[in-house]
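Here's the structure, in structure tokens; my notes come after.
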Amino acid sequence: MASYKRLPVDEFDNEQPFKSTTTADKKRRIFHFITAAAIMVAIFSGLRHVSKSNSKFLWGSAGCHGRLNMSTASKLPSHYTLPSGDKIPSVALGVWQAGSGEVGTAVKTALDAGYRHIDGAWIYRNEEEVGQALKEASVPRSDIWLTSKLWNTFHAPEDVEPALDESLTKLGTDYLDLYIIHWPVAFKKATTNIDEQLTADPYPTWQKLEEMVAKGKVKNIGVSNFNIPRLKNLTANPLKIQPAVNQVELNFFNPQPELLKYCKENNLLLEAYSPLGSTQQVGATLKRPEVVEIAKDLGITPAQVIISWHVQRGTIVLPKSVTPSRIEENLQIFELPKASFDKLEEAATSHPPQRVINPSKAWGLKFDVFDDYPY
Ligand code: A2P
């Protein structure tokens, strides 16, 4: 049970600012008290009004690129600037687990709702349908941020460009805004057997990604699922281009504050995948009492609380949905009052981390991909 230090009454008595006891002084004190109380009430109701008005579609239906209502504009960033100078939208539609026959509609719904950032990968096996949706949509390619990821089987330098070309063809584009090494794990060609050398040292793979930037096929490059030792291992090399992002699992149950701090200190933007806790944990996340309470208080949805929290932490957020109403809902982010943000951060970081995604066993690895092995 917590014990609280009781402040000695004398401490207050000794600091009494008013020593005078005349009637005039008493009246003046009452007047000052009433005036101060009135000012406090006015400020408080003003803040309530601002916080309520902020809860109305801050980005409008045009989302991250337009129709920002300046009178209610959120201070949360709609974009982050990468070292290349490119601006990446802070909220994306994630398409992992968006199945065939539904992902294309999800992408079109998202573009209509105002999303301008689609986060995909070769291994999601839906790039062709995403590409078709992009082709059918009326948004110009140059207005859309497109990310894809290099799968584990293609880490050998000679396999990088063909893998990238396949993604480009399927997506129907001649460049990606961002290309990411999907896992710090290399498989031997056409197998799921680990290539220990390229896993321990991803520099040859990285150099090939740098070459893809030089060729104009990719604008920015990054990594995914790298922990701090693996980031240090890669960046200890004489890189021509530093990784712009690290895409990792970040959610209420796995908030990774140390990694977030390290990445901020090293100018590396974190991207939050499974931000709502993915299929397994989304229900539990959105029912957390802290989340529900903040949502009620601000008049927004629990999912909006979580998505806003991610951006307020300074990360990109990649919520996945194939449900039109949720796709629209997830784009509306709001600056949480500091007390709410702190409460949520405290709740998320005060329990042992619990990952949803860890393929180490499924891949038959002799180590946990998130442990410090092999360095
Ligand atoms: P669905 O795709 O059927 O809409 P994450 O982004 O963490 O990977 O979570 C994805 C899961 O969360 C999916 O099951 C998705 O369902 C669900 N989801 C996405 N947005 C919302 C939302 N606003 N409210 C409730 N569930 C959501």
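Here are the numbers for the structure shown:
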| quantity | calculated |
| --- | --- |
| Residue ranges of helices (runs of 4 or more DSSP H) in region 171-257 with at least 3 members open to solvent by less than 20 Å² (accessible area, probe 1.4 Å) | 203-214, 228-235 |
| Pair list, Cβ < 6 Å and 6+ apart or interchain, from region 148-174 residues that are free of Cβ contacts under 8 Å to residues at least 40 places away in the same chain to residues that are open to solvent by 30 Å² or more (accessible area, probe 1.4 Å) | Trp151/Trp122; Trp151/Ile123 |
| Conditions (1) assigned to a loop (DSSP other than H, G, I, E, B); (2) within 16 Å of the ligand (Cβ to nearest atom); (3) not aliphatic (A, V, I, L, M); number of the one not met by Ser138 | (2) |
| Selection from region 301-330 of residues that are more than 9 Å from the ligand (Cβ to nearest atom) and closer than 20 Å to Arg288 by Cβ | Val305, Ser308, Trp309, His310, Val311, Gln312, Arg313, Thr315 |
| Residue in region 247-261 that is away from the ligand (no atom under 16 Å from the Cβ) and without any contact (Cβ under 8 Å) to a residue 24 or more places away in the chain present | yes |
| Positions within region 359-373 being of a type in the set (A, V, I, L, M, F, W, C) and surrounded by fewer than 10 Cβ atoms within 10 Å (Cβ to Cβ), in sequence order | Ala362 |
| Considering residues of region 282-299 that are away from the ligand (no atom under 11 Å from the Cβ) and in a loop (DSSP other than H, G, I, E, B) only, the residue nearest to Thr349 (Cα to Cα) | Arg288 |
| Hits in region 271-294 - residues which are more than 21 Å from His182 (Cβ to Cβ), among the polar types (S, T, N, Q) and open to solvent by less than 20 Å² (accessible area, probe 1.4 Å) | Thr285 |
| Any hit, region 229-242, residues being modelled with pLDDT of 95 or more and under 24 Å from Val282 (Cβ atoms) | no |
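The values are calculated or read from the model by the stated rules, or taken from the named source; none is laboratory data. The shown structure was predicted, so the numbers you read here are calculated from the model rather than taken from an experiment. Positions of Cβ are generated from backbone atoms using ideal geometry, with glycine treated the same way; all protein chains shown enter the neighbour counts. With ligands, DNA and RNA removed, areas are computed over all heavy atoms of the protein, side chains included. Shrake-Rupley method; radii C 1.70, N 1.55, O 1.52, S 1.80 Å.
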